[in-house]
Amino acid sequence: MHRLHLQREPARLASIGMDIHGREQWLAPRAAKTFAALRASASADGIDMQVVSAFRSIEYQLGIIERKLARGLPIDEILRVSAAPGYSEHHSGRALDLTTPGYAALEEEFDGSPAFAWLVRQAPRFGFTLSYPRGNPHGIAYEPWHWCWHASRE
């Protein structure tokens, strides 16, 4: 329906530290190394880039869908904001959701933050791209917090 690609889980993961909830987060090793450089560069520019989530297993993604279904949300509404298990970029170990102090996590308001403006200008030089901009071809809701690393841009 959204023309998303199946995502393979990485054989290895590397820690990128704690998320905003105090949980350790992981990325594929090369993505983790590049994210560390991005985060250090942002910090040098006075931007506090915080992780909301990173790697997610296919099983964890299934749990997200099941919890939303149990709350009574229709599947078509769920799939506008959450990829089906196997199709989330988070499975690849290359995607992460970001925020910054003073902005609610996983909310569109992040696009008004200095952190988002910094990402728009600087993330491409680290190989990170905004996966779901407004009007994206996948029909996924706008997610200014969701960024994915692409090795070909390293």
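The values are calculated or read from the model by the stated rules, or taken from the named source; none is laboratory data. Note that the coordinates shown come from a computational prediction; the quantities given were computed from them, not determined experimentally. As a convention, Cβ positions derive from the backbone with ideal geometry for all residues, glycine included, and neighbour counts pool all protein chains shown.
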- Meets criteria (closer than 27 Å to A115 by Cα, of a type in the set (S, T, N, Q) and touching a Lys or Arg at 6+ places or on another chain (Cβ under 9 Å)) for S53: yes
- Considering only the range 112-127, how many residues are touching a residue at least 12 places away in the same chain (Cβ under 8 Å) and over 22 Å from H21 (Cβ atoms)? 7
- Message: Which residue is farthest from W149 (Cα to Cα), if the candidates are limited to the range 25-50 and must be more than 15 Å from the chain's Cα centre (by Cα) and charged (D, E, K, R)?
- Response: D45
- R80 being more than 26 Å from R12 (Cβ to Cβ) and in contact (Cβ under 8 Å) with a residue 60 or more places away in the chain: yes
- Message: Just to check your reading of the model, which residue among Q122, Q50 is more than 24 Å from E24 (Cα to Cα) and either acidic (D, E) or modelled with pLDDT of 95 or more (or both)?
- Response: Q122
- Task: Could you please find all residues in the range 27-60 being among the β-branched types (V, I, T) and closer than 14 Å to T99 by Cα?
- Result: I47, V51, V52
